Amino acid sequence: MKKIIAFGGSTSQTSINKQLATYAAHLFSDAEIEVLDLNDYPLPVFSVDLEKEGMPKAAQNFYAKIGSADLLVVSLAEHNGAYSAAFKNLLDWTSRINGKNFQDKPMVLLATSPGGRGGASVLEIAKNRFPFQGAQVKGTFSLPSFYENFDVNNGIIQPEYKAQLEAIVRGIEF
C-alpha cells in the first residue's frame, strides 16, 4: 500500500491548511495516510552556530517522515505573502541534512486562506522553489475563502473547487 504524508505549513492548532491537506489526502484511494503536525517538530531558529552543535532530532525526524512517503500532500499557510516562519525554519534545518529535502517525492501542493486569493502568493513561491528542493510538483490548487468554501464534515462544498481538486487527484499516479 502506498503511503501519503500530509501536512499544513502552519503551527496553528486549528490550521485550515492542515484541514485542507488532510481532506485532499483522503481523496486518494488505497493509501495509508499519515498527517503530520508541525508542532511535533519544535526547532530553534536556524543558524550555522546552532548547526555546529548538531542536527536537532526534530529536523531528523521530519526529514525521515518525508523519506517514508510515496506522495506528499502539502498545504501552505500564507504569512505576509510567504511561508509561515515555522515552516520556513523547518525547511532551513532539513535542507542542511539534504538540499533536496523533499527527496524527489511527488507532491500535491495546496494553499488556502480566509481571503479571496486563497494563499496564491505562497503557492506561487513554493511552486517555483520546491522543485529545486527535490519536490516533483504534480499539481497545485488554491482554495479561496476557506470558511465559505469548506465544511469540516463535508470538505470542499463549492462544486467548481471540489471538481478542480478531484481532477488533480485523478491525474496523479504514484
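Rule-based calculations on the coordinates, nothing more; no lab input. Here the structure is a predicted model, which is why all the values come from computation and not from measurement. Neighbour counts are summed over all protein chains in view; Cβ atoms, including those assigned to glycine, are modelled from backbone coordinates with ideal geometry.
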What fraction of the DSSP beta bridges in the chain is antiparallel, stated in percent and rounded to the nearest 5?
-> 10 percent
Using the structure shown, list the pairs from LYS65/LYS105; LYS2/LYS57; LYS105/LYS127 with a Cα-Cα distance above 19 Å, or answer none.
-> LYS2/LYS57
Taking the simple approach of a point 7 Å from Cα along Cα-to-Cβ for both ILE172 and MET55, what is their distance in nm?
-> 2.5 nm
Find the centroid of the Cα atoms in region 53-107 and in region 160-174, then give the distance between the two in whole Å.
-> 24 Å
Of LEU72, LEU143, VAL122, whose Cα points farthest to the positive end of the dipole of region 72-149 (charges on the beta-carbon: +1 Lys, Arg; -1 Asp, Glu; origin at the Cα centre)?
-> LEU72
Based on the mean of other Cβ atoms within 10 Å per residue, sort peptides 104-115, 52-63 so the most packed one is first.
-> 104-115, 52-63
With only Lys, Arg, Asp and Glu charged, each at its Cβ (+1 for the first two, -1 for the last two), find how big the charge dipole of the chain is about the Cα centre; round to the nearest 20 debye.
-> 320 debye
At 222 nm, what helix-only mean residue ellipticity would the chain give, in deg cm²/dmol to the nearest 500, using -39500 (n - 2.57) for each DSSP H run of four or more?
-> -10500 deg cm²/dmol
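Looking at the square roots a ≥ b ≥ c of the eigenvalues of the Cα gyration tensor of the chain, which shape do they give, rounded for a/c under 1.5, prolate if a/b is larger than b/c, or oblate?
Prolate, since a/c reaches 1.5 and a/b exceeds b/c.
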Using the per-residue mean of other Cβ atoms lying within 10 Å as a proxy for protection, in what order, highest first, do the peptides 73-79, 124-130, 44-50 fall?
-> 73-79, 124-130, 44-50
Two pseudo-spin positions, 7 Å from Cα along C-beta at GLN158 and at ASP40, lie apart in nanometres by 3.1 nm
Under the classification rounded if a/c is under 1.5, otherwise prolate if a/b is larger than b/c and oblate if not, where does region 68-117 fall, given a ≥ b ≥ c as square roots of the Cα gyration tensor eigenvalues?
-> oblate
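Residue separation times 0.36 nm, minus the C-alpha to C-alpha distance between ASP70 and THR140: what's the value?
Numbers: separation 70, 0.36 × 70 = 25.20 nm, distance 1.74 nm.
In short, 23.5 nm is gained.
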